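The values are calculated or read from the model by the stated rules, or taken from the named source; none is laboratory data. In this text, all values refer to a predicted model and were calculated from it rather than measured experimentally. In this analysis, Cβ positions are derived from the backbone assuming ideal geometry, glycine residues included, and neighbour counts consider all displayed protein chains. Quick note on the areas: whole protein, heavy atoms, side chains included, nothing else; ligands and nucleic acids left out. Shrake-Rupley method; radii C 1.70, N 1.55, O 1.52, S 1.80 Å.
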There are 4 protein chains.
Amino acid sequence: MTTLVEPGRVPAGTGGPTVKRIGIIGTGIMGADHARLLTSAVSGAAVGGVFDLDTDRARGVAESSGGAKVFTDPYALINDDDIDAVLIASSDATHEDYVLACVAAGKPVLCEKPLAPTVDGCARILEAETAYGSRLITVGFMRRFDPGYTDLKALLATGEIGAPLMLHNVHRNPAAVPGMPSANLITNSAVHELDITRWLFDSEITEVAVHTPRPTGNSGGTRDPQLLILTTASGVLSDVEIFVNARYGYEVRCELVAETGTVTLDAPPPTSVRRSGLHARELPADWRPRFAEAYRLELQDWIDGTGRGATAWDGFAATFVAQACVNALESGERYTVEMPAIPGLYRRQ
Amino acid sequence: MTTLVEPGRVPAGTGGPTVKRIGIIGTGIMGADHARLLTSAVSGAAVGGVFDLDTDRARGVAESSGGAKVFTDPYALINDDDIDAVLIASSDATHEDYVLACVAAGKPVLCEKPLAPTVDGCARILEAETAYGSRLITVGFMRRFDPGYTDLKALLATGEIGAPLMLHNVHRNPAAVPGMPSANLITNSAVHELDITRWLFDSEITEVAVHTPRPTGNSGGTRDPQLLILTTASGVLSDVEIFVNARYGYEVRCELVAETGTVTLDAPPPTSVRRSGLHARELPADWRPRFAEAYRLELQDWIDGTGRGATAWDGFAATFVAQACVNALESGERYTVEMPAIPGLYRRQ
Amino acid sequence: MTTLVEPGRVPAGTGGPTVKRIGIIGTGIMGADHARLLTSAVSGAAVGGVFDLDTDRARGVAESSGGAKVFTDPYALINDDDIDAVLIASSDATHEDYVLACVAAGKPVLCEKPLAPTVDGCARILEAETAYGSRLITVGFMRRFDPGYTDLKALLATGEIGAPLMLHNVHRNPAAVPGMPSANLITNSAVHELDITRWLFDSEITEVAVHTPRPTGNSGGTRDPQLLILTTASGVLSDVEIFVNARYGYEVRCELVAETGTVTLDAPPPTSVRRSGLHARELPADWRPRFAEAYRLELQDWIDGTGRGATAWDGFAATFVAQACVNALESGERYTVEMPAIPGLYRRQ
Amino acid sequence: MTTLVEPGRVPAGTGGPTVKRIGIIGTGIMGADHARLLTSAVSGAAVGGVFDLDTDRARGVAESSGGAKVFTDPYALINDDDIDAVLIASSDATHEDYVLACVAAGKPVLCEKPLAPTVDGCARILEAETAYGSRLITVGFMRRFDPGYTDLKALLATGEIGAPLMLHNVHRNPAAVPGMPSANLITNSAVHELDITRWLFDSEITEVAVHTPRPTGNSGGTRDPQLLILTTASGVLSDVEIFVNARYGYEVRCELVAETGTVTLDAPPPTSVRRSGLHARELPADWRPRFAEAYRLELQDWIDGTGRGATAWDGFAATFVAQACVNALESGERYTVEMPAIPGLYRRQ
C-alpha cells in the first residue's frame, strides 16, 4: 500500500488530527525508543527535532523519524517555534538545565527520571515552575501507565479487598557495572518503587530503613541486593528487594496485601513453552519489553495532554526519599523523612 | 495541556506525519471501537467520514472522532475524494457490495470478517481484485496481530521445538442467541481458528470432521459445543473446541504440539487476586479486552501499509473451509476440502 | 532410634494392627516399587513372598522388603498359606493365568493393567470370578486414586459447574521403542484415559474415532501422536492426545468442560525456578513421580479392603474399548462400541 | 474385602513388619490427626495408648485407632511397658514436664512445637537429654518434611543457582482470636519460619528486626501483620510476613533468592477451576490440607527412626530466636541474638 496522503493535506475543520511536533534531547537507547514510538505508535505526534552530543546518532534518529530537523544546540531546539513540546532523555546531570529552559520557554516537557539527581536541583525546578504559575513538567515514571499497576490501583479503589497494609516489591536486573556505588541501586533503580508506593497509596513516605544481606559475589563489591523498608503517612509498609546483578533476567513484581485479600502483579507473557523437562515462561533481558506498553501509553497521555503522568513534585519527592534511603543504607538506622510541604501548584484540585 | 498544533499545520517536507483519512461503514460496536483507535491510538490516521444505517449512531461516532463527516450514502463515502481508505464494519451480508465498490474506486479497504458469507460472494471479490491487478483488500482476521499468536509463530520458526504436529484450540464465549443455527458456531466463531491454522502453518486445510457431544442445556437447541478436526496439506492436525454458551467468560487458548516441545498461548492478565479462598486471574467477558492490542496493531499495520494482514484469498479460504465444516457437521462424515488453485495475485513473491 | 518392637509382639485384642502378607509376582520396575511402598509407606501390609523369572532380581526385592520369602513357582506363591493376597506385576501376557489361579485359590488379587491383553482373556476372567461369586480382583488403574482426578470427580459431583460435556486429555511420554506397533499407543498408554473417562462420567464408551497427523520424525514409523475421540452413553465427548515420543518430558493433563465452568488437572509441582531467562516448573521424566501418591493410595485402599479400585469388569471394558479404538485407527472410520451387558456381580449395589 | 490377617499373626523372623506402639498425650485436633495417620497411613506403627484431660475425647480417638488403651494419667502412659514411644500434642505449657518424663523413661518422644514456651524450659530439656546421653527428642517442625521445602533445599544443594542471599516468606492465616497478644504472631506462627530459615541455610540466626504497618482493622488491636527481618550467621537475609487475620485463606509461600536464580515454593493444588469470570486455584482454610503430606512423612520418618526431624536443640533455638524477635517488636530496634554454644550431643557427626 502506498502512502496516500501528503503531510499537511488534512485541512482544519475537516476532522483531521492535531499533530504535536516534539523535540527530543538525547537520542541514546531511551531517546531513540521514544522517537520510534512518537513516529509509529502514538496518535497526534511527530518528531520535529532532535539533539544529541553525538550528532551522527541524532541524525540517524532524525531520519528514521520521518526527516526531523537535527539541532546542534539543545537550547535552540527548546526555543524553536516549530517545536511544540520537549522530551528530555539525556544524561541525568543535564536534566535540570534543560527542564529550566523549557519552563522559561513556556513549553511542555517530559523529562526522564530523575527530574534532577539532587534534592536542591529538584527544588530549583519546583521554584521555577511555581513562578511560571502552571504545570509544564511531566516526569517519566512510566510505571504509572503500566496496565498491571493501573489494574492494581483500580482494584484497590473498589474496596473489595479492604484497606492496604503492605506492599512487597521485587525489582531485579540481570547485571550492573561491577563496583558501582551501592547508593545507585536506590537512586537509579528502586526510585521507581519509591514513586509507585507514593502513587499507589496517595500518601507520602515518612520513614525508611535499609537491610542488606552479604552481597552477591557478582557485584564487584557493591552492596547488592538490598531490602528497603518504606512506611507511608497512611501506615502502609512497602518493602523493596532491589537486586541489580540477579543474572537470570529482568523482573519487576509486587504483591499488595490488604485487609481481606491481596493482588499480585507479575505480568506473565502470553505464551509458555514445554521443552527439555521444563514448563516455562520467558523472562525479558531488560526493562524495555516489560514496560513497552507503559512507555507507549505514557507518551500518548502526554501528547493528549491528559495529565496523568508524574509531576515535578513527584520528581522532587522521589529524589528526596531516595536520599533518605541512601542515608539509611549508610547509617544502618531507621530514618524519618522530613519532606517540606507540597506547594499549592501541585495540590489536587 | 492545551492543544498546541492546529490541524494541517505541519508542512510537507518538514518531517511531519502522513495522515490517512479513513471512512468507516458501520458504526456498531466494532466500527465505533475502530473509530476510537484510529482517532486516539494509531499513528498517521484520522477518521474522515462515517456511515451507518442509524444516522444518529453515525453522528455520535463522528463527533467523538474529531468531527468526521457523516455520510448518508455508503457509496458516496467510498467515492469521496477526502476519504483515502475504507473500513467496513457493517453487517456480514453487506460486505461484498461495499468491498466491490472500494475495488472499483481503487481504494484500500479493511473488511471485518467474513469477507463475504458465501463462497460465491468471496469468489466474485477475488475476481474483481484480480481484474484490478493489485491488492487493495485486507480482511480483519486480527488474531494474526495478537502478540501471543505472533510469539507462537516466531517460536515455531526458530525450529527449537521441531516441526509442528498438532494444534489444540479452545474458543469460548459466555452466551449466544438461544436456538441460533448450529452452523453459526463455525461460520461466525471457529472461522478465526480456521484462519489461524492456515496462517500458523502456511498450509491449506485439506480435510475436516466435526464431532459433537450432547448440547449444553443453555443453548436452546443449538449443537453447542462442537469439536472441529482440521488437517492441513502439511499433515498437521488442528482440533477446535468451539463453545458459545460457556457461561463462565470469554476465552481463547491453544497449544501447539511439535516434535520436541509445545507452546501454549493462554494470555494471562498481568495481575492475580487472592480473595475468598481463591487465587484467581480474571477472565474477560468478551473478545474486546482479549484482543484490544491485536486490533490496535492490525489498524496500525493497515495504516502503515505494511501488508501483514489477511488478503482476500485468506478471506475466501476461510469461508470455503467453513462451508466444508458445516457440511461435515451436517453429514457426520469426514470431508475433503477441494479448494481451487490460488490466483497469481495472492502467491508469495 | 533403634527398632523397639519385635515382629509379632503386638498380641491380638490389644488394639494392634492387622497385617496382610502380600505375594508379589513380577519384580521389575513396577513390582519393586510396589514392594517398597508396601514395606515402608502403607499401613497394615507386609511383603510375604516374591516371584520373578529372574530369581536374583526377586531375591534383591525380598531382601529390601524385610526378608520376604522367594518363590521359584508363581503358583506355589499364590497357593501358599502365608500369603494373604497377591499383586501381579509380571508381563501382560501372563496376567490371565495368574489372575485365574488367584480366583481358584479364593485370594484377593491386584493385577496391573491390562487385566488381560485380549477381550477373550478378560471375558474368561469375568466368567471365573462370576462363578466364584464374589469380587476378588482389583485392576491397577491407579489414576482413580490420584488426588487430582479425585478432585475433578468430587467437583463435578457438587454440580457447581453443571453437567459435563467434554473432556480434553493430553498424555505424553518422552520416548518409546522406535517402530513400535501403532496400536500400542492405545492399548498400553491411552487405555488409562479410556478407564478415566468411564470412571469420571459413570458411563460406558459407545463410539470411538481416531485421527492422526503425520507422525513425528522421532517414532521410527509408528503413527505417533494420535487423537482419540470417545463418546459416552451419556453424550460426553472425550478426546485424547496420546504422544509417546514427545521428547520434552512426561505429562498427563486434562480439562473437563461442563455447562457453566471447567476444571483443569495439571498437577504442578510445589516449586518453580527462575534461571537463565526462564521462569519454569520441572516436568517429570516418567510416570512414577507424577503418580507416586496415586500408587500409595491405591495400595492402601487395597490393603484396607475399601474396594474403590477398578474391578474385573472395568478391566474388561478398558480392553474392549481399546480394541474398538485400534479398529478405528486401522479403518479410519467412526466405530460403534457394542459392549456386552454388565454381569450382575459388577452392578452397583 | 474382609480382614485376612489377625493381629499378631506375623511371626518373628518371617519378614513380617516391626510395629511400634505409640502413646499419644493430647487428643485435640493435632493429636487426633496424628492418631489417624499412625493408624491408617504409616507403615510399622500403631496407637498403643492415649491420654487427654477430656477422657471422652480420648476414648473416641482410642476407638477409631483400633482399640488403643485409654490412660487417665499421662505419666502412667509414658511409663507403660506396652508403649514404645510417645507423641505429645497437649497444650504448650505442659510440653516440658511430659518431655522430661519421656527422657527419664528413656523413651523416644515426638513433641509438637514449641518444645517449651520459654527459653529456660527448653534449656532444662537440653540439660536432661544431654545427661541421658543420646537423642530421644524430636520436635514437630513438620515443614522440614514438606516436599516443597525439601525440593528447595535439594535445589540449593546442587549449586545450580549459586549461594543463597535472601528468603522472602509469607505466612497467612485467615483469622485469629481478636486482641491476641502481638507476640503470639511470632511465638506461635512465625516460629515455623525461624526454624525453616535455620534448617534451609544450616546457619544460626544472629540478628533480628521487626517492622509493622498500621494493624488490620480485623485484629481487635493485635499488631497484625508484622514483617520480621532475620539475618543468619552466613549473611542470608530472611524476611517473614506473618499475618494471622488475612481473611481470604491459609497460605505459606516463600522465594529463595540466590546468586544466579531463585526458587519459589507456592505449592499449587493439582486442579484449577474456570467459573464466574475467574480462573482460580483453591486455597485451603487452614494448615492441615497444606501440610498433610508433611505430617505423614514426619511421622513415617519418626517411626522409621531415620532421625531427619528437628532436635531438642532446634526446639531451643526456635524459642530463643522467637524471644529475640518479641524483644525487637517491643523495642522497635534491631536486636543481636546471643545464642549459647551448641552442646556436643547436637553437633553434626
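Take each residue in A:234-244, count the other chain C-beta atoms within 10 Å of its C-beta, and the mean is 3. Across the accessible surface of region D:20-141, with the other protein chains kept in place and a 1.4 Å probe, carbon and sulfur atoms take up 51 percent. Ranked from shortest, the separations from the 7 Å Cα-to-Cβ label point of B:Ala157 to its equivalents in the other copies are 3.9, 4.6, 5.1 nm. Among beta bridges identified by DSSP and lying wholly in chain A, the antiparallel ones come to about 55 percent. Taking the Cβ of B:Pro340 as the centre, find all other residues whose Cβ is under 13 Å away and add up their charges (Lys, Arg: +1; Asp, Glu: -1). My count for the surroundings of B:Pro340 gives -4.
When the other protein chains are added to the chain by itself, burial of at least 20 square angstrom of heavy-atom accessible area (probe 1.4 Å, ligands and nucleic acids ignored) affects these residues of region A:25-54: A:Ser40, A:Ala41, A:Ser43, A:Ala46. Surface composition of region A:143-346: carbon and sulfur atoms hold 53% of the protein heavy-atom accessible area at a 1.4 Å probe. Here the Gaussian network model covers chain B, with springs between Cα atoms less than 10 Å apart; of B:Ala175, B:Ala280, B:Ala93, B:Ala280 fluctuates the most. Among the listed pairs D:Lys69/D:Lys113; D:Lys69/D:Lys153; B:Lys153/C:Lys113; C:Lys20/D:Lys113; C:Lys69/D:Lys69, those whose Cα-Cα separation exceeds 31 Å are D:Lys69/D:Lys153; B:Lys153/C:Lys113; C:Lys20/D:Lys113; C:Lys69/D:Lys69. Ascending distances from the D:Glu127 label point to its copies in the other chains, with the point 7 Å along the Cα-to-beta-carbon line: 7.0, 8.0, 10.6 nm. Of all chain C residues, the closest to the C-onto-A rotation axis by Cβ, with that distance in whole Å, is C:Ala280, 2. Region A:295-337 and region D:120-148 have Cα centres spaced 50 Å apart. GNM, chain B, Cα, under 10 Å: largest mean-square fluctuation among B:Pro117, B:Pro225, B:Pro181? Largest GNM mean-square fluctuation: B:Pro181. Each Lys or Arg adds one and each Asp or Glu subtracts one; over the other residues with Cβ under 15 Å from the Cβ of B:Ala328, this totals -4. Computed over chain B, the P(r) tail beyond 38 angstrom holds 19 percent of alpha carbon pairs. Relative to the longest principal axis of the Cα atoms of chain A, the long axis of helix A:29-40 makes an angle of roughly 50 degrees. Per residue, chain D reaches -10000 deg cm²/dmol at 222 nm when only DSSP H runs of four or more residues are counted, each adding -39500 (n - 2.57).
According to the Kirkwood relation over distinct C-alpha pairs, the hydrodynamic radius of region C:20-141 is 14.1 Å. Across peptide D:63-71, the average count of Cβ atoms from other chains found within 10 Å of a residue's Cβ is 2. The alpha carbon centroids of region D:211-248 and region B:248-278 are separated by 32 Å. Expressed as an acute angle from 0 to 90° and rounded to the nearest 10, what is the orientation of the C-alpha long axis of helix D:119-132 relative to the principal long axis of chain D? Tilt of helix D:119-132: around 40 degrees. Label points for C:Ile342 are taken 7 Å from Cα along Cα→Cβ. From this copy to the others they lie 5.3, 5.9, 7.0 nm apart, shortest first. In the full protein context, the protein assembly as shown carries 35 Å² of accessible surface per residue, based on a 1.4 Å probe and ignoring ligands, DNA and RNA.
With N as its number of residues, the protein assembly as shown has a Cα radius of gyration that, divided by 2.2 N^0.38 Å, comes to 1.03. Excluding ligands, DNA and RNA and using a 1.4 Å probe, chains B and C jointly bury around 3000 Å² of accessible surface, summed across both partners. Taking N as the residue count of region C:228-349, its C-alpha radius of gyration divided by 2.2 N^0.38 Å amounts to 1.37.
Between the helical axis of D:55-64 and the longest alpha-carbon principal axis of chain D there is an angle of about 80 degrees.
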